[in-house]
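Novice: Could you have a look at this structure, given as structure tokens, before my questions?
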Amino acid sequence: MLALAAIAGGWAVARAGGPAPDRDGAAARAAAALTRPSARARVVRTIDGDTAVIAFRDDAGPARVTVRYLGVDTPESVHPDKPVECFGPAASHANRGWATGRRVRLRFDRERVDPYGRVLAALVPDGWRRSLSERLVAEGLGRVLTIAPNGADGPRLRRLQRRAEGRRVGLWGVCGDGLRSKE
């Protein structure tokens, strides 16, 4: 369970005294290998609404790494210390359906790896114009969350969130007015 919690978001590791190390350097390898416009990875599985595991190959061989989507925070669905939040399972289900098995391009911002050893990127499935982060926000399945120094997608994501809030789609129409952006 502790390993699953660490993979899912680093919570258990953070409670135990610090970020999870990137023991094999896979996150740094992914960030380096997947910056080329033609580079692609495959989503192996999703963890929740805003996190996935991808497989990629570089000169060192095949590897897998956890990716935390940039610019979006979906309601909790697997946090070990928090209850399942309104629309958490829906966001997780949508992410699984949209992402699992898909080839994706990673779009990076300034910081590419977080303290928990996760790659920070927007995932854009082949054939899509929008990232998964944009779709989650536009369909009311997540809220905008930007953390400096990242935030290049912030203005576009905030516009999408305002539209979703105004139309009361997804969590904005079901979960009550207490929901506000975490920015």
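The values are calculated or read from the model by the stated rules, or taken from the named source; none is laboratory data. Worth saying up front: this structure is predicted, and the values here are computed from it rather than measured. Here the Cβ is made from the backbone with ideal geometry for all residues, glycine too, and neighbour counts use every protein chain on show.
Novice: Check Ser77 against each of (1) hydroxyl-bearing (Ser, Thr, Tyr); (2) closer than 26 Å to Gly170 by Cβ; (3) in contact (Cβ under 8 Å) with a residue 60 or more places away in the chain and name the one condition it does not meet.
Specialist: Result: Ser77 passes all but (3).
Novice: Please enumerate the residues belonging to region 104-120 that are out of contact with any Asp or Glu (no Cβ under 8 Å at 6 or more places or on another chain) and hydrophobic (A, V, I, L, M, F, W, C).
Specialist: Passing the criteria: Leu106, Phe108, Val119.
Novice: Restricting attention to region 130-151, and to residues there that are part of a helix (DSSP H, G or I) and of a type outside the set (A, V, I, L, M, F, W, C), which single residue is surrounded by the most Cβ atoms within 10 Å (Cβ to Cβ)? Give the derivation first.
Specialist: Step one: list which residues in region 130-151 are part of a helix (DSSP H, G or I), which gives 132-138.
Checking which are of a type outside the set (A, V, I, L, M, F, W, C) leaves us with 133-135.
Working: Ser133: 27, Glu134: 20, Arg135: 21.
Looking at residues that are part of a helix (DSSP H, G or I) and of a type outside the set (A, V, I, L, M, F, W, C), I get Ser133.
Novice: From Asp24, Asp50, grab the single residue that is at pLDDT 95 or above and either touching an Asp or Glu at 6+ places or on another chain (Cβ under 8 Å) or over 18 Å from Gly88 (Cβ atoms) (or both). Give the derivation first.
Specialist: Values: Asp24 fails: at pLDDT 95 or above.
Matching residue, one of Asp24, Asp50: Asp50.
Novice: If Tyr116 satisfies every condition in (1) touching a Ser or Thr at 6+ places or on another chain (Cβ under 9 Å); (2) part of a helix (DSSP H, G or I); (3) in contact (Cβ under 8 Å) with a residue 24 or more places away in the chain but one, which is the exception?
Specialist: The single condition Tyr116 does not satisfy is (2).
Residue-wise test of (1) surrounded by fewer than 19 Cβ atoms within 10 Å (Cβ to Cβ); (2) among the aromatic types (Phe, Trp, Tyr); (3) in a loop (DSSP other than H, G, I, E, B).
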position: Lys82; (1), (2), (3): yes, no, yes
position: Pro89; (1), (2), (3): yes, no, no
position: His93; (1), (2), (3): yes, no, no
position: Arg105; (1), (2), (3): no, no, no
position: Arg110; (1), (2), (3): yes, no, yes
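Novice: When you go through Gly127, Gly170, Gly166 one by one, which is the residue that is loosely packed, with under 15 Cβ neighbours inside 10 Å and on the phi > 0 side of the Ramachandran plot?
Specialist: Values: Gly170 fails: loosely packed, with under 15 Cβ neighbours inside 10 Å; Gly166 fails: on the phi > 0 side of the Ramachandran plot.
Criteria check complete, one pass: Gly127.
Novice: Sort through Ser38, Ser77 and tell me the only one that's hydroxyl-bearing (Ser, Thr, Tyr), farther than 19 Å from Arg112 by Cα and not in a strand (DSSP E or B). Show your work before the answer.
Specialist: On the way: Ser38 fails: farther than 19 Å from Arg112 by Cα.
None of the others qualify; the one that does is Ser77.
Novice: Which of the following residues is at pLDDT below 95 and buried (at least 17 other Cβ atoms within 10 Å of the Cβ): Asp73, Asp58? Step through it out loud before you land on a result.
Specialist: On the way: Asp58 fails: buried (at least 17 other Cβ atoms within 10 Å of the Cβ).
Of Asp73, Asp58, the one residue that is at pLDDT below 95 and buried (at least 17 other Cβ atoms within 10 Å of the Cβ) is Asp73.
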